[in-house]
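All remarks here apply to the structure that follows.
The values are calculated or read from the model by the stated rules, or taken from the named source; none is laboratory data. Computed from a prediction, not measured in an experiment: that's the story for all the values here. Methodologically, a virtual Cβ is constructed for each residue, glycine included, from the backbone with ideal geometry; neighbour enumeration extends over all protein chains shown. Protein only, heavy atoms only, side chains kept; ligands, DNA and RNA dropped before computing areas. Shrake-Rupley method; radii C 1.70, N 1.55, O 1.52, S 1.80 Å.
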Amino acid sequence: DAGITQSPRHKVTETGTPVTLRCHQTENHRYMYWYRQDPGHGLRLIHYSYGVKDTDKGEVSDGYSVSRSKTEDFLLTLESATSSQTSVYFCAISESGRGRTDTQYFGPGTRLTVL
Amino acid sequence: AQSVAQPEDQVNVAEGNPLTVKCTYSVSGNPYLFWYVQYPNRGLQFLLKYITGDNLVKGSYGFEAEFNKSQTSFHLKKPSALVSDSALYFCAVRAASGNTPLVFGKGTRLSVIA
């Protein structure tokens, strides 16, 4: 999975609790992305980062925040988890956004269940 | 706005037969097009991409895709399907100009029957 790890791989939590998912890369790629995958919706972009401390919103950013204090780490936080955030979350990386031909490479995913 | 349509939720094909997974897209201007495959409990794996040049793109595991600008399509093909090709396939597109992110289709589940 192209030097990308996600932790935890599985998590069950309760409604209203904060949750943080971590993506770690060893490729030194500039761009990092968080997606969620839901049946019937494919993959939808939550947030992405184009450098340390530089982030932007994606299609479904409500209820999520992100932080990137180091090139290799991109954190996704659910401030107060809801059942609608039950999903599989994928991190992806790409070498450069300026070269938009760059391929995105994906991590193994985190399965999150909010009860 | 850019979008991708994968009109078939499920495609069934017999082992050894040719397979096609369909994808149509909508973008302003020229597209960059990608195909990814997802095996159970795994992340997405890159198969191939079209950026410019030859309309027929060859990728991993014997897959290829044909870019058709007039029909705004980028169908994934393989001459002879294997049972191990059974997986979920995603088409994705971004506009060549501007700074829009990659947009994925909803996925097509391919089942190859022995």
In the range B:1-34, which residues have a backbone nitrogen under 12 Å from the label point lying 7 Å from B:A114's Cα in the Cα-to-Cβ direction?
B:15
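Per residue, how much accessible surface does the range A:4-114 expose to a 1.4 Å probe? Answer in Å², no decimals. Please report the intermediate quantities before stating the final value.
Details: 5040 Å² over 111 residues.
On a per-residue basis, the range A:4-114 sits at 45 Å².
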Taking N as the number of residues in the protein assembly as shown, what is its alpha-carbon radius of gyration divided by 2.2 N^0.38 Å?
1.01
Rounded to the nearest 100 Å², what is the sum over both chains of accessible area buried where B meets A, with a probe of 1.4 Å?
1800 Å²
Rounded to a whole %, the carbon-and-sulfur portion of the accessible area of the protein assembly as shown at a 1.4 Å probe is 48 percent
Distance violations [Cα-Cα > 22 Å] among B:K22/B:K58; A:K11/B:K49; B:K22/B:K78
A:K11/B:K49
Expected-Rg normalisation [2.2 N^0.38 Å, Cα atoms] applied to the range A:4-114:
1.00
Assign unit charges at the C-beta atoms only (+1 for Lys and Arg, -1 for Asp and Glu), then state the dipole size of chain A relative to its Cα centre in Debye, rounded to the nearest 20.
60 debye
